[in-house]
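See below for the structure under consideration.
The values are calculated or read from the model by the stated rules, or taken from the named source; none is laboratory data. Computed from a predicted model, the values in this text were never measured in an experiment. Neighbour counts run over all protein chains shown; Cβ positions are idealised from the backbone, glycine included.
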Amino acid sequence: MLWLLWLVPTVPFVGFAVLALGGRRLGERGGAWVGSGSIAISAILSLIITGAFLSSPPAGHAYRQLLWSWLDVGGFHPDIALYLDPISLVMMVVVTCVSFLIHLYSVEFMTGDEGYTRFFAYMNLFVGSMITLLLADNLLLLYLGWEGVGLCSYLLIGFWYRDPINGLAARKAFIVTRVGDTAMAVGLFLLFEQLGTLQIQPLMQHAAATWPIGSAFPVAIGFLLLGGAVGKSAQLPLQTWLPDAMAGPTPTSALIHAATMVTAGVYLIARMHVLYSLAPMAQEAVAVVGVVTLIMAGFSALTQRDIKRVLAYSTISQIGYMFLALGVGAWAAALFHFMTHAFFKALLFLASGIVIEALHHEHDMFQMGGLRRELPVAFWAFLIGGCSLAGLPIVTAGFYSKDLIIWHTWSSPIGGPALWAGAIAGVVLTSLYTFRLIFLVFYGEQHGHVSRRPGLVMSVPVVILTVLSVIGGFVETPAGLGHVTLFTDFLHHVLPAAVDARAGAVSETTSMLASALAFALGLGLAYVFFLRRRDISDRIGATSGARALHAFWRSDWAMDWLYDTTLVRPLVWLADVNRHDVADLPFVGAGTLTKLVWRLLAFTQSGRVRWYAAGLMAGTLFFIGVVLFL
């Protein structure tokens, strides 16, 4: 059944074509069937292919499907070919299944919107591009999917384009990610120039055979690809676009944040793990970027009032955990957290959509409160999803994946106490801002009136994701809790196992207990400051120092101000000064000449018939004279 692989990305593209060409003629009912049905087919095909792959693994645990030759120019001949191995299989299944649940939720959520079929067209194109990225056999095809998800993020973030703020957020996402994409493109050029191919598997073999560890080329290329990854995955210093991406519809936020675009950078680094093993400096940079990002985003999440912006910063923070895992060589742990994060983050966004719709599109958490009885589906979804995000020990999926990362952060030869302490601090922050959100929205005095409750079509995906946010972690448990290693054993067919080279004062059990205590500390602080004694947090927040720090964190550590001051304004100033550049003279002259000719010709359009007749006669005589005398 592996031959069905080509249909997985093709069906969403066909759905996009039907929706784009059919437009409003399909109506909401037709748009819903085509939009969600195409993703359902892809998800079913993914599960069928997974069953075939597990029951009868192909040779080398990899399957390559050549569709056709793409280019053949000067020795460069990339194919349109798909490559399925445990890495791409896990990513494909998670992306298609979670995307289907989001599409199903959207059928009801987007009802009545004038861009209903356009929304599903963009979403289908998004999923098709992401699957192309994941299954690409070569880096050029991967880059095509990479740019495809970038385009779709622009279209979806600015979906309600009549509001200028939404258009600005869409352009910001597109431009900021282009910075990383440019660095990635340069890295691809270097790879081809040095190794003569962009086909991923031969490329990794040639790299290992050609370059010694720590040599200049793998380090340079590793940093360039890291630039692309931090752009797409919203890591420091290119994370500023993601909170503003909340301008799009809530299902769009769920799709971008949970299983598609922001995880592309994680996939890229995991897929290129051989290259990063040859570039220790670049790999250590991945870990540092991850741990710094997760802490910075955690503090920013603590200061937000918009419910979706809290979740946006939590996404940046959790992707930081994945980067940290990749940086210390815990490749399988990063993908494990990708999977659990897709479940609980999609759940939280969809539940936030229920709350926002119920309160007349209210986003401010301080205008909510007391909703646990009014919106029980959203409450239990937030409680379970939030516990999984924060890492409630034993019972939630997020605990197992995050705990595995934290342990490898200590035990890896690349890791150490500083990175481990940063990861533990991230747990405290995550627990604190998560339960701050839950207490503000669902406890205390109710401020808003509930005008709408979710129907079955919105509730079913939420319930399914709630279950997955609990049971999704039991495929990989630590030694003290059953020592199940199904997930990592499957991925170790293609990814090297994490090396535990350091123990000392911290064992795996000790690390797990420290993580559990960090969770409890964050929960306790949130309980005191935002539920039991909110007056304490109000008094602390009223001090001048706290207000300044609050504003600093809320502004994403003034990153937008920094970019505006150091890049945007100087470039605008230079453009204004250089407005009369000599290079513009030919173009200005051409425009001036065109206007002059136009003005001269305008005199001939007087409306006087005798002048027209005289002109015709003069022209005729002129051409006769030319023929006779020349």
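Kindly establish whether Ala421 is without any contact (Cβ under 8 Å) to a residue 24 or more places away in the chain and either out of contact with any Lys or Arg (no Cβ under 9 Å at 6 or more places or on another chain) or hydrophobic (A, V, I, L, M, F, W, C) (or both). The answer is yes for Ala421.
Within region 330-347, how many residues turn out to be closer than 24 Å to Met272 by Cβ and part of a helix (DSSP H, G or I)? The qualifying residues number 12. Filtering Leu371, Leu350 for residues that are of a type outside the set (Ser, Thr, Tyr), outside any helix (DSSP H, G or I) and crowded, with 23+ Cβ neighbours inside 10 Å leaves a single hit, Leu371.
Can you pull out every residue in region 459-482 that is polar (S, T, N, Q) and either within 18 Å of Val98 (Cα to Cα) or assigned to a helix (DSSP H, G or I) (or both)?
Looking only at region 459-482, we keep the residues that are polar (S, T, N, Q), and these are 459, 466, 469, 477.
Listed by number, the residues that qualify are Ser459, Thr466, Ser469.
Results for (1) modelled with pLDDT under 95; (2) under 30 Å from Asp560 (Cα atoms); (3) not charged (D, E, K, R), shown as yes or no for each residue.
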| site | (1), (2), (3) |
| --- | --- |
| Asn138 | yes, no, yes |
| Ser153 | yes, yes, yes |
| Gly158 | yes, yes, yes |
| Asn166 | yes, yes, yes |
| Ala169 | yes, yes, yes |
| Asp181 | yes, yes, no |
| Ala209 | yes, no, yes |
| Gly228 | yes, yes, yes |
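Against the numbered list (1) under 23 Å from Leu140 (Cα atoms); (2) crowded, with 22+ Cβ neighbours inside 10 Å, Val73 comes up short only at (2).
Suppose the filter is crowded, with 24+ Cβ neighbours inside 10 Å, without any contact (Cβ under 8 Å) to a residue 60 or more places away in the chain and either assigned by TED's automatic domain parsing to the domain that holds Met368 or in a helix (DSSP H, G or I) (or both); does Tyr276 pass it? Walk me through how you get there before you give the answer.
Details: crowded, with 24+ Cβ neighbours inside 10 Å: yes; without any contact (Cβ under 8 Å) to a residue 60 or more places away in the chain: yes; either assigned by TED's automatic domain parsing to the domain that holds Met368 or in a helix (DSSP H, G or I) (or both): yes.
Judged against the criteria, Tyr276 is a match.
When you go through Leu155, Leu191, Leu133, Leu125 one by one, which is the residue that is within 21 Å of the chain's Cα centre (by Cα), outside any loop (DSSP other than H, G, I, E, B) and outside the structural domain of Val8 (by TED's automatic domain parsing)? Outline the logic, then answer.
Details: Leu191 fails: within 21 Å of the chain's Cα centre (by Cα); Leu133 fails: outside the structural domain of Val8 (by TED's automatic domain parsing); Leu125 fails: outside the structural domain of Val8 (by TED's automatic domain parsing).
Of Leu155, Leu191, Leu133, Leu125, the one residue that is within 21 Å of the chain's Cα centre (by Cα), outside any loop (DSSP other than H, G, I, E, B) and outside the structural domain of Val8 (by TED's automatic domain parsing) is Leu155.
One residue alone among Ser38, Ser42 is closer than 14 Å to Ala121 by Cβ and either in the same structural domain as Leu495 (by TED's automatic domain parsing) or crowded, with 16+ Cβ neighbours inside 10 Å (or both), and that residue is Ser38. Filtering region 533-590 to residues that are part of a helix (DSSP H, G or I), surrounded by fewer than 11 Cβ atoms within 10 Å (Cβ to Cβ) and among the acidic types (Asp, Glu) leaves Asp535, Asp538, Asp576.
Only one of the numbered conditions (1) under 28 Å from Leu419 (Cα atoms); (2) in contact with a Ser or Thr (Cβ under 9 Å, 6 or more places away or on another chain) is not met by Leu347, and that is (1). Taken as a whole, the structure places Phe530 among residues that are touching a residue at least 24 places away in the same chain (Cβ under 8 Å), part of a helix (DSSP H, G or I) and not aliphatic (A, V, I, L, M).
For residues in region 374-409 being charged (D, E, K, R) and part of a helix (DSSP H, G or I), which is surrounded by the fewest Cβ atoms within 10 Å (Cβ to Cβ)? The qualifying residue surrounded by the fewest Cβ atoms within 10 Å (Cβ to Cβ) is Asp403.
Residues in region 203-237 that are buried (at least 24 other Cβ atoms within 10 Å of the Cβ) and not in a helix (DSSP H, G or I): 3 in all.
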